[in-house]
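One structure is given below, encoded as structure tokens.
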Amino acid sequence: MNNIVFSTADATSAIVSWLAVHGVAILAIVVFAVFVRALEGPFVERLIRKAVRKGTPEEEKLREDTLIRIAHGIARVGIWLVAALMVLSEAGINIGPLLAAAGVAGLAIGFGGQYLIRDLLAGFFIIIENQYRVGDVVCLDSTCGLVEDVSVRMATLRDLDGTVHHVPHGTVQRVSNLSKEFARINLDVGVSYSSDLERVIACVNRVGHELAQDKEWKEHIIEAPQFSRVNDFADSAVMIKILGDTKPLQQWAVTGELRKRLKIAFDKEGIEIPFPQRTIHQAK
């Protein structure tokens, strides 16, 4: 019985001694990790809110919140991983083999997940730089459509046929945003070589001004469509360039309405819009 009591006393003493030496250090590591985690939140948030390019308040907040959430997740994993390794080392566990195994595993995962990492990094910079966002119409290389969702890994587009395209960020070489800040009417119209060009210009400018003043359309138009230049001497027509600015995503509707009004005005003014003609001779 005495031996048992003595052994228990020795064990208790050993535990107390160990806790006195290592327990305080482990507690200090945990407290320090909690402290760093608490400081990381405000620091990362301020850094990201200063780094993100400015836009409308809604757009800016969306990008900032997305980046802050990603950065918090990475920082949280990193802080607690380092703290766990320090605790294991303080507890007397040799973390060398563990680090070696983690290195090998990390190398294997790196080779296998290199495309995933590429997509994540590309998506991170897309969000920071505000290249496009939900609601924009974009072309990612040859894939075009309305952006329905942007995650850190990929963008989801829906084209005019209703087809949904999932495009990983890392595969995109060129991003073309058709609806950022403003859009442009860029219309080429052909008129007959016999037309009075000054009369054509006056008609085009009048139609563009009337469209910009129309109560149904004026809220969509930033700058009225106007004659810009004679763009080309084609085979059967003089090509004139018409330019104007609209609000994002409105360029197609405004251009369609402009075409309709130009056709009506040209008919009234007797201005001919040429079209290819072919004469067929029938053998007798």
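Rule-based calculations on the coordinates, nothing more; no lab input. Bear in mind that the values here come from a model prediction, so they are computed numbers and not experimental data. No Cβ is skipped: glycine too gets one built from the backbone with ideal geometry, and neighbour counts run over all protein chains shown.
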Taking 37 °C and 0.692 mPa s as the conditions, I'd like the Stokes-Einstein D for the stretch 150-277 in µm²/s, using the Kirkwood hydrodynamic radius from alpha carbon pairs.
196 µm²/s
What are the ³J(HN,Hα) couplings of the stretch 187-196, residue after residue, when phi is run through the Karplus curve with 6.51, -1.76, 1.60 and θ = phi - 60°? Round to Hz, x for glycine and proline.
10, 9, 10, x, 10, 5, 4, 7, 6, 6
Nitroxide proxy distance, nm - points 7 Å out along Cα→Cβ at Glu40 and Ile74:
1.2 nm
13 Å tail of the calculated P(r), the stretch 132-177, as % of Cα pairs:
46 percent
Zone of Phe182 (label point 7 Å along Cα→Cβ, backbone N under 18 Å): which residues in the stretch 207-222?
208-214, 217-222
Additional length obtainable on full extension of the chain from Tyr115 to Ser228, 0.36 nm per residue less Cα span:
36.0 nm
Over 20 Å between C-alpha atoms is what I'm after, so list which of Lys61/Lys180; Lys218/Lys247; Lys180/Lys247; Lys215/Lys247; Lys215/Lys260; Lys180/Lys241 land there.
Lys180/Lys241
Run the simple label-point estimate for Val30 and Phe275 please: 7 Å along Cα→C-beta, distance reported in nm.
8.3 nm
Going 7 Å from the Cα of Asp161 toward and past its Cβ, which residues in the stretch 133-148 have a backbone nitrogen under 14 Å from where you end up?
143-145
Estimated inter-spin distance, Ser194 and Asp141, nm [label 7 Å along Cα→Cβ]:
5.1 nm
I need Asp141, Asp245 ordered by Cβ neighbour count within 10 Å, fewest first.
Asp141, Asp245
